[in-house]
1. Does region A:152-159 contain any residue that is surrounded by fewer than 18 Cβ atoms within 10 Å (Cβ to Cβ) and of a type outside the set (A, V, I, L, M, F, W, C)?
2. Which of the strands (runs of 3 or more DSSP E) found entirely inside region A:32-125 contain at least 1 residues meeting this: over 16 Å from A:VAL184 (Cα atoms) and assigned by TED's automatic domain parsing to the domain that holds A:GLU165?
3. I'm trying to understand the selection: among the residues of region A:29-56, which are surrounded by 15 or more Cβ atoms within 10 Å (Cβ to Cβ) and within 14 Å of chain B (Cβ to nearest Cβ)?
4. Which of (1) in a helix (DSSP H, G or I); (2) surrounded by fewer than 13 Cβ atoms within 10 Å (Cβ to Cβ); (3) of a type outside the set (Phe, Trp, Tyr) is the odd one out, the single condition A:LYS238 does not satisfy?
5. State the number of residues belonging to region A:408-431 that are in contact with a helix residue (DSSP H, G or I) (Cβ under 6 Å, 6 or more places away or on another chain) and not in a loop (DSSP other than H, G, I, E, B).
6. I'm trying to understand the selection: among the residues of region B:106-135, which are touching an Asp or Glu at 6+ places or on another chain (Cβ under 6 Å) and either at pLDDT 95 or above or within 14 Å of B:PRO163 (Cα to Cα) (or both)?
7. Which ones in region A:88-128 are of a type in the set (A, V, I, L, M, F, W, C), within 25 Å of A:ASP40 (Cβ to Cβ), away from every other protein chain (no Cβ under 14 Å) and in contact with a Pro (Cβ under 9 Å, 6 or more places away or on another chain)?
8. Given the condition touching a residue at least 60 places away in the same chain (Cβ under 8 Å) and exposed (fewer than 13 other Cβ atoms within 10 Å of the Cβ), answer yes or no: does some residue in region B:200-210 qualify?
Amino acid sequence: MSADKPGAVGSGPEHAGSVLQRKASLVDMLDPLSFGDVVDSLGELYRVGIRVLDERGRTLADAKGSNGDFCGFVNTTAQGRARCTALVARLNEGPLTPTQGAQVLPGTSPLGGELLGQPCFTGLRYVVLPVQWEGDVLGRVVFGPFAPEELADVPVALAELEGLELERARELLAHVGRQSEHRVVKMLAHVAQVLAALLASGQKAYLTGQLHLEAMLETQRDLEAQNAQLMRLNQRLKEADRIKSSFLGTVSHELRTPLSSIIGYSEMLAEGLVGALNAEQMQFVRTIIEKGNTLLKLISSILDMSQIEAGKVRLAFEWVDVQELVESSLTSVMPQAQRKGLTVKVHLPEVAQPRVVADREKLSQVVVNLLANAVKFTPGGGQVEVRLSAHGPQPGLVGEGYRIEVEDTGVGIPLDQRERIFQSFYQVDDSPTREYGGAGLGLAIVKSYVEGHGGQVSVTSEVGQGSCFRVVLPKEPPLSGHGPAYIPPPIDTDPERF
Amino acid sequence: MQLNHAQRELTLKIVYYGPGLSGKTTNLRAIHARARPEARGRLLSVETHEDRTLFFDLLPVFFTSSSGFKVKLKLFTVPGQVVHDATRRVVLQNADAVAFIADSRRSASAENNAYWRKLRANMREIGLDATQVPVVIQFNKRDLPDAQTDAELDEARKKGGEPVVGAVALRGEGVMETLHVLLQSAWRNLDERARLSRNISLTEKEFLTHIFQQMDLTGTSLESLYPTAAGRPR
């Protein structure tokens, strides 16, 4: 009964996906170089040739024995060479069954299967040890040829070879190592043990490595799928954000035009262009103008933000006297501060004319927004202080610069919200009954404009004690040399091109 | 299942699945200890230094049928720790039957449930049809104080179609019985789908007998089913 028919028609290598499905093979399990060294040293130890072949007859290791001269001499004859070649072919690839003169040797192999003794026509002998692993034949180890201990003289078969000089053959045969049966059995056991140990560790390393790779690939597939999902979501969010910005821009623009008319006509009414108003009418008209202006500021902020998010804000750099700019910004919040009864302090540096390169309008808006926030969030009787100072080169900034600080004694900002206040539409108090108005855009605009100037904005605060916003700007923004600069949008909202 | 007619070989893959430390490797060790060396390969374990399975364990068991077909069982465990989900899926691929090793302790119920769901999810992900791959549940650690009672096991049995076997794998109890149900279910399922008994002239009885006669069944309920065949080679 032959359970194995290596090389049978249609029996290609099984490559069913995972390494766990594949049949073990000697090539995978053994490291050829170090295994070759081990086999060489075993051959030297026992003074016998050892050849290890896989199930397809490929040689994995080959240690030469002491038979070289003798066999070489026999092979000089045509007949000798033919018989030797046939025998070696059978040893390497023939069936592992006792046929053609081979005999099953007593004893069991530590690697499973039967040991086969194979006599050579020269009187020498071979032993074949099948390499079985998990019930599969993975290859074989061929020992020999060696001279059996009882070999006295060259056999008749050798004498029959045409053209062989028998005396010389005898002489060379004497140099072939003799092996007793006992020694052969011990040697086989030893080699089989070594091979079994190498195979066990080799298989473990091979399977582990391969499986690790498979698990990594599996994980990568997972991550790629998740990534694709996130990309899709991100794309949708970007698109939604782009639509939102564009919608806000359009709507703000559409709101601003009629609002300007409302304010304009109200002002004409207040100025008495169409007749005098009585005191009550005048008060009503002033209220309309005041609320109209508040609404206009809000709409302007929304429009600014939508321009920023669309990447459409252009900074027009020019020489600006920052001291003058701070002072003029103060005038726009003074009425409000005075109404609330706040003390406003100003610290301007001694140095005259601190001229810097900036977009006057945008920088002014930064200072106004910060001051307006300070006034808004500071209760009556509090204090708002604005400081301007010069500073040397700083990490993250190009060259020398200046610092504008706006400090208040207001409500303060909880620690966990200090990063988020710079996001658009974010409000520390987002409850429906919130105390302070506003759209939550002021600081987002500040951050965007400051960063557009190559600067940084930061905040320190203590809840209930007050906050201090610090804007640090370079004297000359890095991009100012190239004319007007666009502020990059906070997130890339460009629609897909392809 | 891998069926190679040209080389006359049949390979079945059995996977032991379950929460970490529920006793999957212990099951394999017990089988290894009871199997005759001629019928099994080495137990290959890839463990961490804390004795936790890192990748998998593998125990091959094999025989040659009377019709000359070489039959090989590859028994695998998956790593139980949560982080090894990808490895679990790789090992589970192409399984012919799955043993779900549950921890009998009441305190482990949540974990058992979580891994049961993981098994279902893993099977879905790799395209194993839960109705086509038999699953056997082993309630391990029956000897522990907090273990569920036999009545509770019966309750669990009624909740689904899977066979349920009690075990103390550390002492080898219930391990062979689990393997028996597992192989029987696997065989019946494959026979139905691939007509194995006709195609490779191997009956369920011969299949099971070949395997369990190579095992030391002393003290198990299978002892009388498979009287020792020592000295009676088939």
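1. Step one: list which residues in region A:152-159 are surrounded by fewer than 18 Cβ atoms within 10 Å (Cβ to Cβ), which gives A:152-153, A:155-157, A:159.
In the following step, the residues that additionally are of a type outside the set (A, V, I, L, M, F, W, C) were identified as A:153, A:155.
Yes, because at least one residue in region A:152-159 is surrounded by fewer than 18 Cβ atoms within 10 Å (Cβ to Cβ) and of a type outside the set (A, V, I, L, M, F, W, C).
2. Filter on region A:32-125 gives A:50-54, A:59-63.
3. A:MET29, A:GLU55
4. (2)
5. So the count comes out to 3.
6. Passing the criteria: only B:VAL135.
7. A:LEU96, A:LEU115, A:LEU116, A:CYS120, A:LEU124
8. Looking for residues that are touching a residue at least 60 places away in the same chain (Cβ under 8 Å) and exposed (fewer than 13 other Cβ atoms within 10 Å of the Cβ), one finds none in region B:200-210, hence no.
The values are calculated or read from the model by the stated rules, or taken from the named source; none is laboratory data. Computed from a predicted structure; not experimentally measured. Heads up, the Cβs are rebuilt from the backbone with ideal geometry, glycines too, and the neighbour counts pull from every protein chain shown.
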